[in-house]
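Encoded as structure tokens, the structure appears first; notes follow it.
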Amino acid sequence: MNCSVFLVFLILSISITVSSGSHQRAILRAIIKENNNKDGDFAIDLNATNFDSILKETPSPFAIVEFFANWCPACRNYKPHYEKVARLFNGAGASHPGIILMTRVDCASTINSNLCDKFSVGRFPMLFWGPPKKFVGGGWDPKQEKSAILPIENFRTADILLEWINKQLGSSYGFDDGKYEKEHLQANTSDPGQIVKAIYDIEEATSTAFGIILDHKMIIPATRASLIKFLQLLVAHHPSKRCRKGSADVLVDFDDLCPSKTMLVNNEEAESCSKKGALGNYQICGKEVPRGYWMYCRGSKNDTRGFSCGLWVLLHSLSVRVEDGESDMAFRSTCDYIHNFFICEECRQHFYEMCSSVSSRFKKGRDFALWLWSAHNKVNERLMKEEASLGTGDPEFPKAIWPPKQLCSSCYLSSSKTSKENNKINWNEDEVFKFLVSYYGKELVTLHKDKQQQTGGQTETAVTEEVLASTHAVVVPVGAALAIAVASCAFGALAYIWRSRQKNRKYKYIYSLKNI
């Protein structure tokens, strides 16, 4: 075996082994019950097995936990009031998603007895308010003078509960609020602190993209190799550790899940490669994702920003993490992914044309990052004109050349004057590249880490670690070693050897068990 291929295989094997340790298993065991808004249920049902992990992972800054008993008539009568408030904050149709996670715990279930005792539940229902991570591994004692968890004393109707919430937050939420209420948008994209929320949208976009591929049965012989190469890129450089783990799980089992020998012309034989097949059981970013809403990429209208924004942020974050030797392969993998799996036909064609215009191979990671940045601005320029003439743009987030001077004044040459004739900006590309690496690499991760640490305590360690490992390869030695190895071999060879070795290990293990 070629030594460089073996080195890559070894590094990835170590990476997957580490990421599948006790911490990662705890995260992946977090299961949100799939309510799907049946019977008007918007609050999330928690129990002792997922209580800590779900509250630890939520991006919402606040949570309400209702402790109830399923046999309690007062609890049953209160449920419509609680759900009326929950629908404002939970689910895809929420007016104010990502602000309050509204949950419930059934104390009549034996599995939850100790959990309910920790919170001194002596009557039903009882409601508690606080930062989600303060609930993790903790409890509530009425004798405790100071606590970050507050009991909600007066909540008997939906109106009273919402009024209490508004007093806590200084807000003016109402039941008539429509989806995507404009006054709560994070409209200031010039604030570098906003990128902290992008990590959640990158996960959302990754999960959504994978779902689209399965829903539309897009894995066919002609696209199979493209998906494998893109999955390898995600395994190596996705900003979220759990997305890297999920991508690796799919990649290792891909031949079993989606065997090439069965993918012929017959559409029925492609079922195994769709959501109805075994591949549909894989959650590429964990069981909590998709969450059903956007944060950094949230638009003022339902049909603006969202997935397309999240996908751009994902691609930029990948581009600043690849090393010189793998830059051209990353570029080809990205172009092939968009060409084969992005279902907006006009957008796909435009992107393909930009990819096709590249005549020489990329030799540096900087070249790929700057090309993607330039391509994104070309797309924005085109859409600016179309949206202006048709009135289809987002009024709160109009398309613009990026980055703005508020974010990177040094990106603009001091002598630069945008010509009214050619509408061209003279960029300082060295500064642009520094900005991209900082914004989509170090800054995104560091800001997220700092935000988690501000909440205090050891319960935030898991979430911090979840994103900490997504830094640029300079910070993560495994990523750097991977990049050096990939520089000397093709992604395709890596996939074949790595997946073959993983499958052989699995079969040997099963065989050994049979002989015990």
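Quick look at the values:
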item	result
Pair list, Cβ < 7 Å and 6+ apart or interchain, from segment 151-175 residues that are free of Cβ contacts under 8 Å to residues at least 12 places away in the same chain and outside any helix (DSSP H, G or I) to residues that are open to solvent by less than 50 Å² (accessible area, probe 1.4 Å) and of a type outside the set (Val, Ile, Thr)	Ser172/Asn166
Residue pairs meeting the criteria (Cβ under 7 Å; at least 6 apart or on separate chains; first open to solvent by 40 Å² or more (accessible area, probe 1.4 Å), in segment 50-74; second assigned to a helix (DSSP H, G or I))	Lys56/Lys133; Lys56/Thr459; Lys56/Ala462; Lys56/Val463
Residue count for segment 272-282, restricted to those that are of a type outside the set (A, V, I, L, M) and in contact with a Phe, Trp or Tyr (Cβ under 9 Å, 6 or more places away or on another chain)	1
Selection status of Leu101, within 18 Å of Ile54 (Cβ to Cβ) and within 29 Å of the chain's Cα centre (by Cα)	yes
Pairs with Cβ under 9 Å, 6+ apart, first in segment 287-304 and touching a residue at least 40 places away in the same chain (Cβ under 8 Å) and farther than 19 Å from Ile100 by Cα, second surrounded by fewer than 17 Cβ atoms within 10 Å (Cβ to Cβ) and of a type in the set (S, T, N, Q)	Thr304/Thr392
Residue within segment 173-181 that is at pLDDT below 90, more than 30 Å from Ala400 (Cβ to Cβ) and open to solvent by 30 Å² or more (accessible area, probe 1.4 Å) present	yes
Residue count for segment 345-366, restricted to those that are within 22 Å of Asp430 (Cβ to Cβ), open to solvent by 50 Å² or more (accessible area, probe 1.4 Å), in contact (Cβ under 8 Å) with a residue 12 or more places away in the chain and over 25 Å from the mean Cα position of the chain (by Cα)	3
Selection within segment 392-418 - out of contact with any helix residue (DSSP H, G or I) (no Cβ under 7 Å at 6 or more places or on another chain) and open to solvent by less than 60 Å² (accessible area, probe 1.4 Å)	Asp394, Phe397, Pro404, Tyr412, Ser416
Members of segment 302-327 that are buried (at least 20 other Cβ atoms within 10 Å of the Cβ) and among the acidic types (Asp, Glu)	Glu323, Glu326
Residue among Phe433, Phe331 that alone is under 23 Å from the mean Cα position of the chain (by Cα), surrounded by 12 or more Cβ atoms within 10 Å (Cβ to Cβ) and of a type in the set (A, V, I, L, M, F, W, C)	Phe331
Total residues in segment 86-111, condition hydrophobic (A, V, I, L, M, F, W, C), part of a loop (DSSP other than H, G, I, E, B) and open to solvent by less than 10 Å² (accessible area, probe 1.4 Å)	1
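Condition check ((1) under 29 Å from Cys408 (Cβ atoms); (2) open to solvent by less than 10 Å² (accessible area, probe 1.4 Å); (3) among the aromatic types (Phe, Trp, Tyr)) across all residues:
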site	(1), (2), (3)
Ile199	yes, yes, no
Ile202	yes, yes, no
Ala205	yes, yes, no
Phe210	no, no, yes
Ile228	no, no, no
Leu233	yes, yes, no
Ala248	no, yes, no
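The values are calculated or read from the model by the stated rules, or taken from the named source; none is laboratory data. Computed from a predicted structure; not experimentally measured. Note that we place each Cβ from the backbone using ideal geometry, even for glycine, and neighbour counts take in every protein chain shown. Protein only, heavy atoms only, side chains kept; ligands, DNA and RNA dropped before computing areas. Shrake-Rupley method; radii C 1.70, N 1.55, O 1.52, S 1.80 Å.
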